[in-house]
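Shown next, in structure tokens, is the structure this report addresses.
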Amino acid sequence: MDDFDKVLIGVIGNEHPKTLEQAIKLVRLRFSESNEAIMDRILRLESEGKILLEKPPPVVPSTLTGYFFSNWALWFWIVSGLATVASIMVFLIPENAFPFVYARYVLGSIFVLFLPGYSLIRALFGKKELDNIERLALSVGLSLALVPMAGLLLNYTPWGIRTTPVTLTLLGLTLVLASAAAVRDHGNLRDKTHA
């Protein structure tokens, strides 16, 4: 280990720079190396375990609109997109459309057996409270409970239990639950960053 590495370790250990740019500026006060050379040395020392750089906390959008258009809400758009595509396929792809009907069956199964329960689980529990296996099992189980209840309620309406009302009811239920989950998720993320 040369003097340059010792100075780097000392600067990062004593000064605690918040960013890599701050660390580079502090080292440049002592050595006239290029920014790239300093950064390479810092990253090498970190990979060797001689220094520890803290990763900055992820930026959580402060507004709900900002949350919906960030990577944090990617799950929401996937759930909403799958539910919408499955609903559209129910109405557009007939039973005798040979290769496309299998896509309808697969997406329809996901739409009925997974998405309503997953949306409810996301609304009820935070992201870290359940592991993936528990979330999957509860999503399927709750979907198997929600879909018949929706059908039972539809039975007492003028529309009855037919393809169109059942599909639109499940789509609405999934979108409402996913929206509630997104609002809860945004609130939890915002509370964690402000705590």
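All of the numbers you see were taken from the coordinates with simple rules; none came from a lab. The structure displayed is predicted, hence computed values, not measured ones. Glycine also receives a Cβ, built like all others from the backbone with ideal geometry; neighbour counts cover every protein chain displayed.
What lysines sit close enough to Lys127 to cross-link, taking a C-alpha to C-alpha distance under 23 Å and skipping anything fewer than 8 places away on the same chain?
Lys55, Lys192
Work out from phi, with θ = phi - 60° and the Karplus expression 6.51 cos²θ - 1.76 cosθ + 1.60, the ³J(HN,Hα) of each residue of region 145-152, listed in order in whole Hz, and give x for Gly and Pro.
8, 6, 5, x, 5, 5, x, 4
In terms of Cα to Cα distance under 16 Å, which aspartates and glutamates are near enough to Lys18, apart from those fewer than 8 places away along the same chain?
Lys18 reaches Glu46, Glu54.
GNM, the chain, Cα, under 10 Å: largest mean-square fluctuation among Asp40, Asp185, Asp131?
Highest fluctuation among the options: Asp40.
Enter the Cα centre distance for the pair region 137-195 and region 82-115, rounded to the nearest angstrom.
18
Name the residue farthest towards the positive end of the dipole of the chain from the options Ala37, Asn96, Ile78, assuming +1 on Cβ of Lys and Arg, -1 on Cβ of Asp and Glu, about the Cα centre.
Asn96
Among Ser179, Ser32, Ser143, which one moves the most in a GNM of the chain with springs linking Cα atoms closer than 10 Å?
Ser32
Work out, step by step, the length gained on full extension between Ser47 and Ile78: first 0.36 nm times the residue separation, then minus their alpha carbon distance; give nm to one decimal.
7.6 nm
Using a 10 angstrom cutoff on alpha carbons, build the Gaussian network for the chain and name the most mobile of Ala37, Ala178, Ala137.
Ala37
In whole Hz, what ³J(HN,Hα) sequence does region 160-168 give by Karplus (6.51, -1.76, 1.60; θ = phi - 60°), x for Gly and Pro?
In residue order, the calculated couplings are x, 9, 10, 4, 5, x, 5, 4, 5 Hz.
Return an integer: the convex hull volume of the alpha-carbon atoms of the chain, in Å³ per residue. Mind showing how you got there, number by number?
On the way: hull volume 37.2 nm³, N = 195.
Taking the convex hull of the Cα positions in the chain, it is 191 Å³ per residue.
Suppose the chain between Asp40 and Ile161 were pulled fully straight at 0.36 nm per residue; how much longer would it get relative to their current alpha carbon spacing?
Gain on extension, Asp40 to Ile161, equals 37.0 nm.
Please give the calculated 222 nm ellipticity per residue for the chain, where each DSSP H segment of at least 4 residues contributes -39500 (n - 2.57) and the sum is spread over every residue; nearest 500 deg cm²/dmol?
On the way: 9 runs with 141 residues, N = 195.
Dividing the helical sum by the residues of the chain leaves -24000 deg cm²/dmol.
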